[in-house]
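Heads up: the structure comes next, in structure tokens.
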Amino acid sequence: MTLKAPYDPDNIFARILRGEIPAVKVWEDDHVLAFMDVFPQSEGHVLLISRTSTARTLLEIEPDALARLTEATRRTARAVEKALRPDGLQIMQFNGEAGGQTVFHLHFHIIPRWTDRSMKGHGHAPMADTETLRALADRIAAALDS
Ligand code: 5GP
């Protein structure tokens, strides 16, 4: 996929938003959805997507939708820090296949990092089981600022 291509309404995140395939949700509102990455690069890997925008990349998103998505990322990152106490956090965002993007509905990654733990490669992590992800999502949700 190049940077310039039409939005595919059947991409995996669009299907998650429509409830057609399951996801382990952390929190959601009318504008955004935070959910667990099913192939986590580290424990507590969360994805943030807009509910309202069909931007494929950062280059396309409307400023208002981006503001809501980045604020949701900040809010969720604070909760990840509070719940899991990582030593650091990586916020990642990929654009276009050549830029490492694999799902073409704009998203931000929150990847907790610990100094004594290595991170799995992007696109090379094994699938996590739902119960483990649900437990992590519940801990992160419980740590959200109101
Ligand atoms: P990208 O490579 O586009 O930046 O990131 C896409 C992310 O979506 C990857 O980290 C990948 O593990 C994750 N992912 C792919 N398919 C699914 C899925 O069906 N459910 C969830 N929760 N995450 C997915």
- Query: Of Phe35, Ala65, Pro22, whose Cα points farthest to the positive end of the dipole of the range 12-142 (charges on the beta-carbon: +1 Lys, Arg; -1 Asp, Glu; origin at the Cα centre)?
  - Reply: Phe35
- Query: Using Cα atoms only, what is the angle between the long axis of helix 130-142 and the major principal axis of the chain, expressed in degrees (0 to 90) to the nearest 10?
  - Reply: 80 degrees
- Message: Which one, Pro40, Pro63, Pro86, has the greatest fluctuation when you compute a Gaussian network model over the chain with C-alpha springs under 10 angstrom?
- Response: Pro63
- Note on the structure: Under the rule rounded for a/c under 1.5, else prolate if a/b exceeds b/c, else oblate, using alpha carbon gyration tensor axes a ≥ b ≥ c, the range 12-142 is classed as rounded
- Between Arg74, Arg134, Arg18, find the one with the highest GNM mean-square fluctuation for the chain; connect C-alpha pairs within less than 10 Å. Arg18
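Using the Cα centre as the reference, give the magnitude of the dipole from point charges on the C-beta atoms of the chain (Lys, Arg: +1; Asp, Glu: -1; all else neutral), rounded to the nearest 20 debye.
Roughly 240 debye for the chain.
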- Query: What does the highest-first list of 109-115, 123-129, 20-26 look like by mean Cβ count within 10 Å?
  - Reply: 109-115, 20-26, 123-129
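Read-outs throughout are calculated quantities, based only on the coordinates presented, and are distinct from any laboratory measurement. Keep in mind that this is a model prediction, so the values were computed, not measured. Using ideal geometry, Cβ is built from the backbone for each residue, glycine included, and neighbour counts are taken over all protein chains shown.
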